[in-house]
Structure formats: structure tokens, C-alpha cells
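Notes follow once the structure below has been shown.
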Amino acid sequence: MSSLLEGRTAIVTGAGRGIGRAHALELARHGAAVVVNDFGVSLSGEGTGESPAEAVVAEIEAAGGRAVVNGADVADFEQAAAMVEQAITTYGGLDILVNNAGFVRDRMLVNTAEEEWDAVIRVHLKGHFAPLRHAGAYWRAESKEGRQRAARVINTSSGAGLQGSVGQTTYSAAKGGIAAMTLVAAQEMGRYGVTVNAIAPVARTRMTEGAFDTSAMALPEDNSPIVAWLASAEAGDVTGRVIEIDGGRVTVELGWRHGPALDLGRRWEAAEVGPALRELLAAGPAPEPVYGA
């Protein structure tokens, strides 16, 4: 086992399968004690009665690592608090939070039901907020008591949230919100020794299989070494960044930034807007194409 994360404690949400499972195994391989969270739901978010986290914990322990099962619904505020407390009481603290849990209910915008919107936004966006809120409060308290930890948060966005994806309005909105949350949390929590970054992983998982040909896609575990490094103490100077991972290719996403501008020095007349805005649009780079366009 590597010692990159030796003595550190991590929570990985949605860690029973796919990318989350790969993250949990990788963090444990580098010496971290891992709280393996999985609520045990189907691809579309319905309960299955399964506990895939138990198999992941068994795999970590068989390799000589330390891990414990957690079955919290990460979008439930109180259950998220209890998950953070479990890490602290079991292993004496918390250093790493990997927010990964999620599911999809893909629909074209005009076919999306309110319940589908609510469910996807809840598990992705609130499911990132709630654990981060409670972990952040713990790290703030530790810092104020003179025990500042080299804490690390790795959120999970998506190319769908950064460039958009046809047929995934709800998922794209949630993942875009996670990217924005990452930027703000990085600024707010830096004073407590916390870095907050996000990855936009590409991988062949049950969320992508069936939607299109995934035979050439990267494997879930291809994303996890980047997560392990971001979770390490040596990554303390990297925060507020979104990193896309596609197999061996790593891309630092630039996100929204100010482009060409024109200040008229007074209120615009509607008739003036068209020519000026078209000039500005022509001066800037074309937007990244939406996936599936």
C-alpha cells in the first residue's frame, strides 16, 4: 500500500458501485481509512434493498485496509450529519470528503416531470451540499480550536454540467450547480485549511451504459488516481478548480469568464443592442458544443 494518504480519514458517497467504488478502493490503497457510503438505489434512484457498500468494505479489508459501511441518504440533512459524525467517532477525525453519489432520469426538457426534476436535483445538488455543510462546520470548529486539518473536498461535476448535454436538462443543471458550489466553497473554506475541487469524470458505468456506445470509454478506476492526489496533504495549493478526466487525458476546465465587453457609458436603447451584441459575440470564442448536439 502507498502512504500518500496514510493517517487520513475519508468519506466517499455513492461508493458501492462504479466510480465511487473505484475512489474508495484507491483511497484505501493509499492508506486512508474510508467511510464507504451507499444508499443502495437503482440507476434511477429507487430503493433496491441492496447494500453494495458491504462488498466494497470487505474488499478493502481483505487488502489490509480500513473501512466501514454507511447507508445514509446523503441528501437527508440529518443523515448527512450522522455520516460525518460516524467518520469522526470511528477514526478520530475527518480529512477528506468525496461527493460522488447520484443517479439519472434522462428526459428531453419538455418531457421532464416535476418529480424527476426534484429527485435528480435533490440527490446531486443537495446530496453535495448536506455532507459538505456538516464536514465544513467540523473543519471550521477544528480550526478555531487550533487543530486545523489539511482537509480536502472533491466534488463530482460532469461535462453535462459544464458544456450541457441534450436530453439531460435536469442532470446538467445539477452538475452545473455543483461546479458553482465548488468555486464558492473553495473561497469560503480556505481559511480553515480546506481545499475544494471538482472532477468531471468520464467512465463506462451503469449510468452511461445503454445510453450510447460506451465500448471505447475510460474505466471508472481511471479517474481515481487524480482524486487520491487531490485528497492528499501535498495538494494544498490547488483549490476552486474543475478537472475533467477522460482516461489518460486530464483537462483543467476554465469555466465562465469575462469575455469581450462594450461600455456605452449610458443606458442602452433597444435598437442599439443588436449590432453591438453581435459585434461582441463575433469577437469572442465560439462556445463549446453541447454534448449530443
Inset, instruction - Would you confirm whether any residue within the range 117-124 is among the β-branched types (Val, Ile, Thr), in contact with a Lys or Arg (Cβ under 6 Å, 6 or more places away or on another chain) and crowded, with 17+ Cβ neighbours inside 10 Å? - result: yes
Inset, instruction - Look through the range 71-112, keep the residues that are of a type in the set (Ser, Thr, Tyr) and part of a helix (DSSP H, G or I), and return whichever of them is surrounded by the most Cβ atoms within 10 Å (Cβ to Cβ). - result: Tyr91
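Conditions (1) β-branched (Val, Ile, Thr); (2) over 27 Å from Glu6 (Cα atoms), marked per residue:
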| residue | (1), (2) |
| --- | --- |
| Ala119 | no, yes |
| Val123 | yes, yes |
| Glu145 | no, no |
| Thr156 | yes, no |
| Leu162 | no, yes |
| Ile178 | yes, yes |
| Ala200 | no, no |
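Residue-by-condition table, conditions (1) part of a loop (DSSP other than H, G, I, E, B); (2) touching an Asp or Glu at 6+ places or on another chain (Cβ under 9 Å):
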site: Gly136; (1), (2): no, yes
site: Glu142; (1), (2): no, no
site: Arg147; (1), (2): yes, no
site: Val153; (1), (2): no, no
site: Ala173; (1), (2): no, no
site: Gly177; (1), (2): no, no
Legend entry - Number of positions in the range 136-163 that are in contact (Cβ under 8 Å) with a residue 60 or more places away in the chain and either farther than 12 Å from Gly176 by Cα or touching a Cys at 6+ places or on another chain (Cβ under 6 Å) (or both): 3
Inset, instruction - Taking Arg122 as the residue in question, decide whether it is under 21 Å from Asn99 (Cα atoms) and either more than 19 Å from the chain's Cα centre (by Cα) or not in a helix (DSSP H, G or I) (or both). - result: no
Legend entry - Those residues of the range 81-134 which are among the basic types (Lys, Arg) and under 30 Å from Ser232 (Cα atoms), in sequence order: Arg122, Lys126, Arg133
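Let's see how each residue does on (1) assigned to a helix (DSSP H, G or I); (2) in contact with a helix residue (DSSP H, G or I) (Cβ under 7 Å, 6 or more places away or on another chain); (3) buried (at least 17 other Cβ atoms within 10 Å of the Cβ):
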| residue | (1), (2), (3) |
| --- | --- |
| Val35 | no, yes, yes |
| Glu61 | yes, no, no |
| Val69 | no, yes, yes |
| Gly127 | yes, no, yes |
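Bear in mind that the values in this text are calculations on the coordinates, not laboratory data. On a predicted model such as this, the values are computed, not experimentally measured, just so you know. Ideal geometry is used to build each Cβ from the backbone, glycine not excepted, and the neighbour counts take in all protein chains shown.
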